[in-house]
Amino acid sequence: MLDFAKGDGLVPVIVQDNQTLEVLMLGYMNEEAWAKTQQDGKVTFYSRSKNRLWTKGEESGNFLHVVSTHIDCDQDTLLIKATPVGPTCHTGSRSCFQTAYNQNFLFQLERIIQDRYSNPSEESYVNRLRTKGVNKIAQKVGEEAVETVIAALAETEVDFINESSDLLFHLLVLIREKGLDLQTLAKNLEGRHQ
């Protein structure tokens with residue numbers, strides 16, 4: 001149960017990308033905004049400048065779809081894990097916090113690959129790979145792995161970075177083709193670590 005009394009009727013809300021775990025923004029909710037968020041499944045804030053409820057994306061279409069909510073130990077702050085539709089910040093950035101780069105870009109890339117599977121397009125390289133089947137995708141991963149090893153042993157650092165990037169990309173496509181995701185692999189690796 002959120003304690004709205006501590007903050008004069010408002011609680012701070014941290015919104016985090018459910019997949020990349022990047023912090024996207026900070027806003028405030030009153031009880032009405034909290035109820036609307038739970039009811040609609042879209043993050044709704046209380047805008048202190050507009051003095052009204054404001055659903056993120058109501059004008060831009062860049063909604064934040066709620067995946068899960070977590071109340072802190074003092075019950076006066078809320079963490080919402082959400083799936084963003086487009087950029088979160090009004091400036092067009094993925095996050096309202098101007099970090100140098102998305103340190104969890106692999107998760108974002110995984111989401112892009114999933115989108116290419118869900119919404120195939122003839123122009124999409126991922127779609128062209130997908131239509132060739134798992135054998136071709138696996139073969140491509142093997143080719144990129146060999147090229148990565150060669151670059152590590154006999155080429156420049158830039159070549160190694162490029163080949164490693166190709167390998168990771170194609171491995172992500174293969175993981176998706178097999179119906180798995182990075183979270184599954186991360187849980188497996190975490191289990192091995194213990």
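Just to confirm a number: summing +1 for Lys and Arg and -1 for Asp and Glu over residues other than residue 107 whose beta-carbon lies under 10 angstrom from that of residue 107, what do you get? Working shown, then result.
Values: positive: 111; negative: 17, 22, 110, 181.
With Lys, Arg at +1 and Asp, Glu at -1, the neighbours total -3.
By how many nm would the segment from residue 150 to residue 71 grow when fully extended, if each residue of separation counts as 0.36 nm and the alpha-carbon distance is taken off?
Working: separation 79, 0.36 × 79 = 28.44 nm, distance 4.97 nm.
Full extension from residue 150 to residue 71 adds 23.5 nm.
At 7 Å along the Cα-to-beta-carbon direction for both residue 186 and residue 28, put a label point, then send me their distance in nm to one decimal.
Roughly 3.2 nm, to one decimal.
Within the chain, which is the longest segment that contains none of the trypsin sites (Lys or Arg not before Pro) sitting in a DSSP loop with at most 12 other Cβ atoms within 10 Å? Could you put the intermediate results ahead of the total?
Details: sites that count: 48, 50, 178.
Result for the longest clean stretch: 51-177.
With a length cut of 15 Å (Cα positions projected on each helix's long axis) and a Kyte-Doolittle mean of at least 0.5, go through the chain and give me the DSSP H helices that pass. Each step should come with its number before you reach the end.
On the way: long enough: 105-118 (19 Å, -0.21); 134-154 (30 Å, 0.58); 157-177 (30 Å, 0.56); 182-193 (16 Å, -0.83).
TM-like helix candidates: 134-154, 157-177.
Summarise the long-distance tail of P(r) for the chain by giving the % of C-alpha pairs beyond 22 Å. Walk me through the intermediate numbers first.
On the way: 11107 of 18721 pairs.
Cα-Cα pairs in the chain separated by more than 22 Å: 59 percent.
So what is the diffusion coefficient of region 105-163 in µm² per second by Stokes-Einstein at 10 °C and 1.306 mPa s, using a Kirkwood Rh over Cα pairs?
Calculated translational D: 122 µm²/s.
Please build a GNM for the chain, connecting alpha carbons under 10 Å apart, and tell me which residue among 72, 181, 17 fluctuates the most.
For the chain, modelled as a Gaussian network with Cα springs under 10 Å, the answer is 72.
Any idea what the alpha-carbon Rg over 2.2 N^0.38 Å comes to for region 44-101?
Working: Rg = 12.8 Å, N = 58, 2.2 N^0.38 = 10.3 Å.
Its radius of gyration relative to the 2.2 N^0.38 Å reference: 1.25.
How much length is gained if the chain between residue 49 and residue 117 is pulled fully straight, taking 0.36 nm per residue apart and subtracting their Cα-Cα distance, in nm to one decimal?
Working: separation 68, 0.36 × 68 = 24.48 nm, distance 4.10 nm.
Taking residue 49 through residue 117 to full extension adds about 20.4 nm, to one decimal.
Given the DSSP H assignment, sum -39500 (n - 2.57) over each helix run of at least 4 residues in the chain and divide by its residue total; what's the result at 222 nm in deg cm²/dmol, nearest 500?
On the way: 6 runs with 86 residues, N = 194.
So the helix-based figure for the chain works out to -14500 deg cm²/dmol.
Keeping all protein chains in position, work out how much accessible area residue 123 exposes to a 1.4 Å probe, and write it in Å² to the nearest 10.
Probe radius 1.4 Å; accessible area of residue 123 about 150 Å².
The values are calculated or read from the model by the stated rules, or taken from the named source; none is laboratory data. Only a predicted model underlies this, so the values are computations on that prediction, with no experimental measurement involved. All Cβ positions, glycine included, derive from the backbone under ideal geometry; neighbour counts span all protein chains shown. Note: areas computed on protein heavy atoms with side chains; ligands, DNA, RNA excluded. Shrake-Rupley method; radii C 1.70, N 1.55, O 1.52, S 1.80 Å.
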